[in-house]
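Bear in mind these aren't lab numbers, they're just calculated from the coordinates by the rules spelled out. All of these numbers come straight from a predicted model, not from anything done at the bench. With ideal geometry, Cβ positions are generated from the backbone for all residues, glycine too; neighbour counts draw on all protein chains shown.
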Amino acid sequence: MSAVIEIAGLRKAFHTARQGRRIAVDGFDLLVEAGQIHGFLGPNGSGKTTTLRALLGLVRADEGRMSVLGASSPERLADVTGRVGAIVESPQFFGNFTARKTLRLLALAGGVPTDRVDQVLEQVGLRDRGDERVKGYSLGMKQRLAVASALLKNPELLILDEPANGLDPAGIREMRDLMRSLAAAGVTVLISSHILAEIQLICDHVTIVSRGRRVAHGRVDEVLAGFDQHEWRIRVAEPERAGELLGRLGVSVTAHPDHLVVAGVDDPELISRTLGEQGLWVRELVPLRPDLESVFLELTGDSRHLDVPRQVDGAVHPPGAPGDAVIDLDVRESRGVDA
């Protein structure tokens, strides 16, 4: 696969009267390959938006190398602008203009055929509302209009900063379906978002940033696998006795009101055999897998409060051990920003 976005060693600091020099992005790397739906995650203030703005030439980076569709950014960004659609932060529209007029003006300004207007309104579910003034739109409808504006050029690369902001559950599902259809048509999509469950559903790759640094990247399933503690939920008739028996195996057992959670067991047969030999028959034995939200919280929270071993450069480090600033779960060389 060819690289569509490459960022290596990006650094950006801001100077303010109140805070002085503040580092927004600190040696950040990102790699997005052709055809991916790539999730870009991080808490507020972690460097996501600053990265996207630097990538698109909206702010000047202090250090680092960036390219978009093979063109160095910002030096040759103009060469590929016509192949990129992007929304960074919340775009502003003239409230007295209709959505259709807004998109028509954008199309004319960008040299895009005006017949694209109805096509993109249809894509984002606004065709029947296209002749209404934007000032009457809800936040979610304005967000759809913003996505429509980014799609006008029929881009090869689509960069979206919080595209589901303000959408109701039905709108989020429609946005998910739209992203999938674009990817199926060959569009590469980079999504910056805080809706973690949605990212897990839609994205095949993910990069997580915290305090301006990349803390995890790779396929979503690989990132999750790096935090799998091999936990199992067990329901059994005598949970207290079952907990004592399993505890003798040297594994972690946590009692809950109606079940036990056993951690550190690779093969569930060990659980069922241990209990079955003592006449305790298991009613339920279910694997508990980490989700993107739990991994995100582990990676971006205070490491003093983490209790999950971390896989760093192929090795497992206990919480707080040296080297847990970066988790590289992709076997390929990856390079790869929110103020």
For this session: For K48, list the lysines whose Cα falls under 18 Å from its own Cα; do not include residues on the same chain fewer than 8 positions away.
Result: K12
Exercise. In debye to the nearest 20, how big a dipole does region 145-249 give about its Cα centre with +1 on each Lys and Arg Cβ and -1 on each Asp and Glu Cβ?
Worked result: 200 debye
Exercise. Expressed as a fraction of 2.2 N^0.38 Å, the rule-of-thumb size for a compact globular protein of N residues, what is the C-alpha radius of gyration of region 1-84?
Worked result: 1.13
For this session: Treating only the Cβ atoms of Lys and Arg (+1) and Asp and Glu (-1) as charged, compute the dipole magnitude of the chain about its Cα centre; round to the nearest 20 debye.
Result: 1640 debye
Problem set entry | Set of lysines near K135 by C-alpha distance (under 26 Å), chain-local residues within fewer than 8 positions excluded | K101, K153
For this session: Taking just the C-alpha trace of region 231-288, give me its Rg and Dmax in Å.
Result: 9.6, 25
Exercise. Amide H to amide H under 5 Å from H205: which residues, 5+ apart in sequence or cross-chain, H placed 1.01 Å off N in plane?
Worked result: I37, G39, V220
Seminar exercise, completed: Taking only C-alpha positions in the chain, Rg and Dmax in angstrom work out to 23.7, 77
Exercise. If packing is taken as the mean number of other Cβ atoms within 10 Å per residue, what is the order of 12-22, 96-106, highest first?
Worked result: 96-106, 12-22
Exercise. When DSSP assigns beta bridges and you keep just the ones with both residues in the chain, what percent turn out antiparallel, to the nearest 5?
Worked result: 70 percent
For this session: Of the options L69, P257, L105, report the single residue whose Cα projects farthest towards the positive end of the charge dipole of the chain (beta-carbon charges: Lys, Arg +1; Asp, Glu -1).
Result: L105
For this session: Apply the Karplus parameterisation 6.51 cos²θ - 1.76 cosθ + 1.60, with θ equal to phi minus 60°, to every residue of region 123-136 and state each ³J(HN,Hα) to the nearest whole Hz, in sequence, with x for glycine and proline.
Result: 4, 9, x, 10, 4, 6, 10, x, 9, 8, 5, 5, 5, x
Seminar exercise, completed: Kirkwood-based Rg/Rh on the Cα set of region 118-171 evaluates to 0.95
